[in-house]
Amino acid sequence: MNNKTMMTENEDCVLTLTNVTKDYRQGKQNLEVLKGIDLNIRSGEVTALVGQSGSGKSTLLQIAGLLDRPSSGQICINGKDISKANDENRTGLRRDYIGFVYQYHNLLGDFNALENVMLPMLIAGQSTATAEERAAFLLNKLHLSHRLKHRPAEMSGGEQQRVAIARALANSPKLLLADEPTGNLDPNTAEDVFAALLGIIKETGLAALIATHNMELAARMSRQLRLQDGKLQDLNEPIFAKIAKNFY
């Protein structure tokens, strides 16, 4: 069955995690990283995920992106429970519904910007002509029309990260997950990259979950969640809003 047909249509909530836990064994000890996470990410919503280093932000993103399995709990995408989906279906869902942006761009050095963005579409079965047209469109949206034929080594760090953003959007995902997407950039470049990322997310109506240490960037997103002691706290709630600025 095609993964597209597995999903229910017209669901506002793109990602739902219910009572998700994640444990790791360290010798004879059991390390609890996530302790009953409940999370809803809706279309058009850009959610900031903040927290101290080692708090489990990357673990949460990997579970949300179907790169890792939780120890317990339920994961739904577009209202469909995929908690028990097999590896083949999970791979298809990642390809068709989820885009990833990491702290480091991870571009392929032997390919130019256009080719790097085309690759996910070619893997998904798109024709070369269709993939090339969409890749050029996305790179133009990210102000990289003059870099289509440049390889990563010929581009700045900010340009490389914008290519990575275009690549993440290549297959028109419903959910974008980003793990410190500006963490390796200087402040001015980080601002440019973040503005480009936020602009294209809002334009396309994506659901997005973005982990960041930068509270100024986090404040510009739809809402802010903090991961602490394995649990999520909504920093927009009055009980947390007063202390959020002083926490970091």
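Quick notes on this one:
- For the stretch 229-243, the set of residues classified as surrounded by 12 or more Cβ atoms within 10 Å (Cβ to Cβ) and at pLDDT below 75 consists of PHE240, ALA241, listed by residue number.
- The stretch 7-37, residues that are touching a helix residue (DSSP H, G or I) at 6+ places or on another chain (Cβ under 7 Å) and modelled with pLDDT under 75: none
- Of the numbered criteria (1) touching a helix residue (DSSP H, G or I) at 6+ places or on another chain (Cβ under 8 Å); (2) modelled with pLDDT under 90; (3) of a type in the set (Asp, Glu); (4) open to solvent by less than 70 Å² (accessible area, probe 1.4 Å), the one GLU180 fails is (1).
- The condition of being more than 18 Å from LEU176 (Cβ to Cβ) and of a type in the set (Val, Ile, Thr) does not hold for VAL50.
- Residue selected from the stretch 140-177 under the condition open to solvent by 50 Å² or more (accessible area, probe 1.4 Å), of a type in the set (Gly, Ala, Ser) and not in a loop (DSSP other than H, G, I, E, B), by the criterion modelled with the highest pLDDT: ALA153
- Out of ALA85, ALA129, ALA136, ALA113, one residue alone is surrounded by 19 or more Cβ atoms within 10 Å (Cβ to Cβ) and without any contact (Cβ under 8 Å) to a residue 24 or more places away in the chain. It is ALA85.
- When ASN40 is tested against (1) surrounded by fewer than 21 Cβ atoms within 10 Å (Cβ to Cβ); (2) modelled with pLDDT of 95 or more; (3) not aromatic (Phe, Trp, Tyr), exactly one condition is not met: (2).
- Flag for VAL46 being under 30 Å from ARG151 (Cβ atoms), within 16 Å of the chain's Cα centre (by Cα), crowded, with 19+ Cβ neighbours inside 10 Å and of a type in the set (A, V, I, L, M): no
- Filter result for SER58 (small (Gly, Ala, Ser), assigned to a helix (DSSP H, G or I) and at negative phi): yes
- Any hit, the stretch 69-76, residues being outside any loop (DSSP other than H, G, I, E, B), charged (D, E, K, R) and more than 16 Å from the chain's Cα centre (by Cα): no
- Residue that is most open to solvent (accessible area, probe 1.4 Å), among those in the stretch 69-79 that are in contact with an Asp or Glu (Cβ under 8 Å, 6 or more places away or on another chain) and within 11 Å of VAL14 (Cα to Cα): GLY79
- Residue in the stretch 180-191 that is within 16 Å of the chain's Cα centre (by Cα), over 18 Å from LEU60 (Cβ atoms) and in a helix (DSSP H, G or I) present: no
- Looking only at residues in the stretch 88-105 that are open to solvent by 40 Å² or more (accessible area, probe 1.4 Å) and assigned to a loop (DSSP other than H, G, I, E, B), the one that is nearest to SER172 (Cα to Cα) is TYR102.
The values are calculated or read from the model by the stated rules, or taken from the named source; none is laboratory data. Because the structure is a prediction, the values reported are computed rather than measured. Every residue, glycine as well, gets a Cβ built from its backbone with ideal geometry; the counts of neighbours run over all protein chains shown. Surface accessibility is based on the protein's heavy atoms, side chains included, excluding ligands, DNA and RNA. Shrake-Rupley method; radii C 1.70, N 1.55, O 1.52, S 1.80 Å.
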